[in-house]
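Below is one structure, written out as structure tokens; the observations come after it.
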Amino acid sequence: MNKQTVRELTDAVVRGRRALVRVDFNVPLDDARRVTDDTRIRAALPTIQLLLDRGARVVLLSHLGRPKGKPTPEFSLESVAARLGELLPKRRVRFAAATVGPEAVAASNDTTADVVLLENTRFLAGEEKNDEALARQMAELGDFYVNDAFGSAHRAHASTEAVARFCKPAVAGLLMEKELQYLGRALANPKRPFVAVLGGSKISGKIDVVEALLPKVDALLVGGAMACTFFKAMGFETGTSLVEPDRVEMARELIARSGTRLILPHDATVAPSIEAGAQAHAVKRDGIPAHAAMLDIGPDTAASYGRAIKSAKTILWNGPMGVFEHPPFDAGTGAIARAMAEATTKGATTIVGGGDSAAAVEEAGLASKMSHVSTGGGASLEFLEGKTLPGVAALDDAP
Ligand code: ADP
Ligand code: MG
């Protein structure tokens with residue numbers, strides 16, 4: 001996965017030229033279509049800034065939401081361009097209401113603008129089909145291509161995959177590079193002990209990552225609703241917990257195969273429902289009442305997982321430990337985040353991947369205390385599963 005990056009481009013390629021940059025500006029908007037969280041926009045700034053500083057003009061492509069291949073005003077990137085302009089006060093940022101075609105090409109050649117954000121790539125039916133003709137049109141918008149949209153790299157779309165074949169050189173941006181470095185190094189060459197923490201709602205969505213990580217880690221700590229399917233496999237009462245009945249057999253087989261490396265919660269925080277937080281209490285894992293659900297790992301588990309994290313050198317976390325959106329079921333997730341923050345301080349490499357886990361760390365105000373918080377939920381998961389990301393594969397190999 002050694003790809004050429006934007007830092008290695010020569011002045012002859014960059015200066016005075018148009019950089020076509022695929023970014024991931026898929027940000028949340030409120031009813032007035034104002035950006036409510038600009039994390040992803042800020043994550044692309046180092047690459048944009050580097051290109052501007054080196055004398056390029058920057059032409060940006062991104063998707064936003066799921067407009068299903070036709071223009072949909074609620075998914076316009078216009079307000080995102082406004083926010084980008086605020087983040088780059090010394091630069092002239094403009095929006096173009098077209099994605100490809102004469103109007104877009106004219107915008108890309110508009111020398112009165114330093115940065116041009118083109119309209120949503122998913123307004124075009126060819127985008128998600130990785131259409132070659134569309135990719136050739138996109139290639140006309142720049143003199144070279146930079147992919148900084150790690151969060152979209154697991155999709156072979158016209159703006160992430162095919163375009164890289166027609167707009168050369170095609171290189172990785174700084175955010176893309178950072179993501180691949182952290183996730184790649186953790187998998188290929190982790191400092192040990194290497195501990196993975198996996199949670200979230202469904203074991204079915206995480207099984208490939210469990211399989212891929214088990215042979216590599218010293219311990220795999222399981223939390224979230226996923227744990228309940230394992231409990232079922234162990235013959236425990238799981239009450240009204242989220243269990244995937246068709247995965248119980250698989251869970252049983254995994255337990256049998258993985259020995260002491262697969263670690264399950266010893267206790268659980270249960271309640272009759274998510275709304276009944278006031279009735280939350282801890283039970284041993286074999287004591288889940290028939291009319292209650294496990295909604296978080298219990299305090300003993302949070303403490304022992306915390307100790308395992310603090311004695312590790314590499315920690316990779318994907319998936320919250322409980323229904324963290326609803327306190328008090330955020331306690332386990334918070335404990336993991338704090339333990340990881342402490343581990344970072346002690347010199348460990350700490351990596352958070354997964355949209356909801358990243359949001360939980362952000363909310364806890366601990367994002368800056370992690371070595372790396374991945375901006376790509378699905379992409380980081382597929383990378384950890386050992387899959388090839390088409391948006392990465394399409395870029396030029398490092399010499
Ligand atoms: P990520 O986005 O970090 O990969 P997932 O999408 O897999 O994480 O899972 C996040 C969701 O899992 C959250 O919405 C959370 O409420 C839910 N969840 C975690 N633990 C439980 C549980 N015990 N019961 C039900 N839902 C849970
Ligand atoms: Mg999620």
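Restricting Gly354, Gly391, Gly376 to residues that are farther than 22 Å from Gly322 by Cα and buried (at least 24 other Cβ atoms within 10 Å of the Cβ) narrows the list to Gly391. Identification of helices (runs of 4 or more DSSP H) wholly contained in the range 334-399 with 2 or more residues that are more than 16 Å from ligand 2 (Cβ to nearest atom) and not assigned by TED's automatic domain parsing to the domain that holds Ser152 yields 390-393. The residues of the range 1-40 that are farther than 23 Å from Asp143 by Cα and in contact with a strand residue (DSSP E or B) (Cβ under 8 Å, 6 or more places away or on another chain), listed by number, are Val27, Pro28, Leu29, Val35, Thr36. Which residues, taken from the range 183-220, are within 16 Å of ligand 1 (Cβ to nearest atom) and either touching a Pro at 6+ places or on another chain (Cβ under 7 Å) or closer than 16 Å to Asn2 by Cβ (or both)? Within the range 183-220, Leu183, Gly199, Gly200 qualify. Hey, Leu84 hits all of (1) part of a loop (DSSP other than H, G, I, E, B); (2) open to solvent by less than 50 Å² (accessible area, probe 1.4 Å) but one; which does it fall short on? Condition (1) is where Leu84 drops out. In the range 211-224, the residue that is surrounded by the most Cβ atoms within 10 Å (Cβ to Cβ) out of those that are over 20 Å from the mean Cα position of the chain (by Cα) and assigned to a loop (DSSP other than H, G, I, E, B) is Val217.
Of all the numbered requirements in (1) within 16 Å of ligand 2 (Cβ to nearest atom); (2) touching a helix residue (DSSP H, G or I) at 6+ places or on another chain (Cβ under 8 Å); (3) in a helix (DSSP H, G or I), Phe324 misses one, and that requirement is (3).
The residue that is surrounded by the fewest Cβ atoms within 10 Å (Cβ to Cβ), counting only those in the range 1-48 that are over 22 Å from the mean Cα position of the chain (by Cα) and in a helix (DSSP H, G or I), is Ala12.
Against the definition (aromatic (Phe, Trp, Tyr) and buried (at least 22 other Cβ atoms within 10 Å of the Cβ)), how does Phe230 come out, yes or no? For Phe230, the condition - aromatic (Phe, Trp, Tyr) and buried (at least 22 other Cβ atoms within 10 Å of the Cβ) - is met.
When the residues of the range 318-345 are narrowed to those that are touching a Lys or Arg at 6+ places or on another chain (Cβ under 7 Å) and either within 7 Å of ligand 1 (Cβ to nearest atom) or open to solvent by 30 Å² or more (accessible area, probe 1.4 Å) (or both), which ends up modelled with the lowest pLDDT?
Within the range 318-345, the first condition is being touching a Lys or Arg at 6+ places or on another chain (Cβ under 7 Å), and the residues that meet it are 319, 339, 341-344.
Subsequent filtering for residues that are either within 7 Å of ligand 1 (Cβ to nearest atom) or open to solvent by 30 Å² or more (accessible area, probe 1.4 Å) (or both) retains 319, 342, 344.
On the way: Gly319: 95, Glu342: 98, Thr344: 98.
Out of the qualifying residues, it is Gly319.
The values are calculated or read from the model by the stated rules, or taken from the named source; none is laboratory data. The structure displayed is predicted, hence computed values, not measured ones. Cβ sites come from the backbone with ideal geometry, for glycine too, and all protein chains shown count toward neighbours. Quick note on the areas: whole protein, heavy atoms, side chains included, nothing else; ligands and nucleic acids left out. Shrake-Rupley method; radii C 1.70, N 1.55, O 1.52, S 1.80 Å.
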